[in-house]
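Everything below concerns the one structure shown next.
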Amino acid sequence: MLLALIEGKQTPEEMARHARGRMRRKIGALALALDGTIDEHHRFLLGKQFSRIKAAEADLEQIDGRIRQMLAPYARHMGRLMKLPGVDWVNAATIIAEIGIDMTAFHGAQHLASWAGLCPGNNRSAGRQRFGRARKGNLHLNAALVTAAVVAGKHRGIYWGEKHRRLRARCGEMRAHVAIAHKILVAAYHILASDSDYVELVPDYLDRLDEKRTARHLTRRLQDLGYIVEIKPKAA
C-alpha cells in the first residue's frame, strides 16, 4: 500500500482494498482517509521511509539466515519441539537458546520451571493452596512460552486447549496463559531429556481424570433443567 501511495498509481478505493483482517470492515473509512493531497515533497519523504523499511526487512532476512545456520546442529530437537501445540520455529529456537538440550543441568522439570520463573509461589492459607505470583525468571523464555500458550489455548480438540478454557473460567485469562506455558516447558523438558516425540493427550482426558466430579457436575446441570437423573454404571 505504501508503494502504491508513493507512486500514485492507485485510487484511494483501490488502496483501501489492500486492507487485511479486521480492517476489511473499514474499507470505506480507509478510502476516505487515503483521499488527500500528496505532492512531490510528500512522495519524496514516503520514499525515504519505504527505503528504510526495505533495508530493515533485508537485515532481518540476513539475521534469520544466520540463526538458522547456527541452529542446524539442533534440527532434530527443533522438529520435536515444534510438534508441541502453539510452538513455532521462533519459540523452539528460543527454548533451545535459553535452556540448551542437556537437561542434566536441572534436577527435574519442576526445577527448570522454577528457574524459568513459571513456578507459582507457595501461597497457603488454612491448609488451602491459593494462586500465587510467578517468580521472576528468564524473560526471553517466558515471553516465548506465554506466546505459545496463547496459541495453544485457542486450539480445539486438544488437551491444552480444553485445559486453558477451564483455567480461564476459574482463575482468569493471564493465569491460564502462564499455567499452559508451564505445561509447555515441562513437556519440552521431557522431550529433550528423553529424546522422544510429543504424544498428544485425548481431548476428554480431563473428564476421564475425574469421572465422579464430572458426573456430579453434569447431573446437577440436568437437575437444574428439571430432569430426574439416575446414574447407573454401564455393563462391562
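The values are calculated or read from the model by the stated rules, or taken from the named source; none is laboratory data. Keep in mind that this is a model prediction, so the values were computed, not measured. Here the Cβ is made from the backbone with ideal geometry for all residues, glycine too, and neighbour counts use every protein chain on show.
Quick rundown of the values:
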quantity	calculated
Checklist (1) among the β-branched types (V, I, T); (2) outside the structural domain of I180 (by TED's automatic domain parsing); (3) modelled with pLDDT of 85 or more applied to I95, failing item	(2)
Cβ pairs under 6 Å, 6+ apart, first in the range 151-170 and among the hydrophobic types (A, V, I, L, M, F, W, C), second at pLDDT 80 or above and in a loop (DSSP other than H, G, I, E, B)	V151/G86; A152/P85; A152/G86; I158/P85; W160/P85
Failed condition for R24, given (1) outside the structural domain of I180 (by TED's automatic domain parsing); (2) touching a residue at least 24 places away in the same chain (Cβ under 8 Å); (3) surrounded by fewer than 16 Cβ atoms within 10 Å (Cβ to Cβ)	(2)
Qualifying position, being of a type in the set (K, R) and within 24 Å of A149 (Cβ to Cβ), among R52, R80, R66	R80
Selection count, the range 151-186, where residues are closer than 25 Å to G100 by Cβ and more than 15 Å from the chain's Cα centre (by Cα)	1
Test: D35 is touching a Pro at 6+ places or on another chain (Cβ under 7 Å) and of a type outside the set (S, T, N, Q)	yes
Helices (runs of 4 or more DSSP H) within the range 1-116 that include 1 or more residues more than 30 Å from the chain's Cα centre (by Cα)	2-7, 12-16, 27-34, 40-70
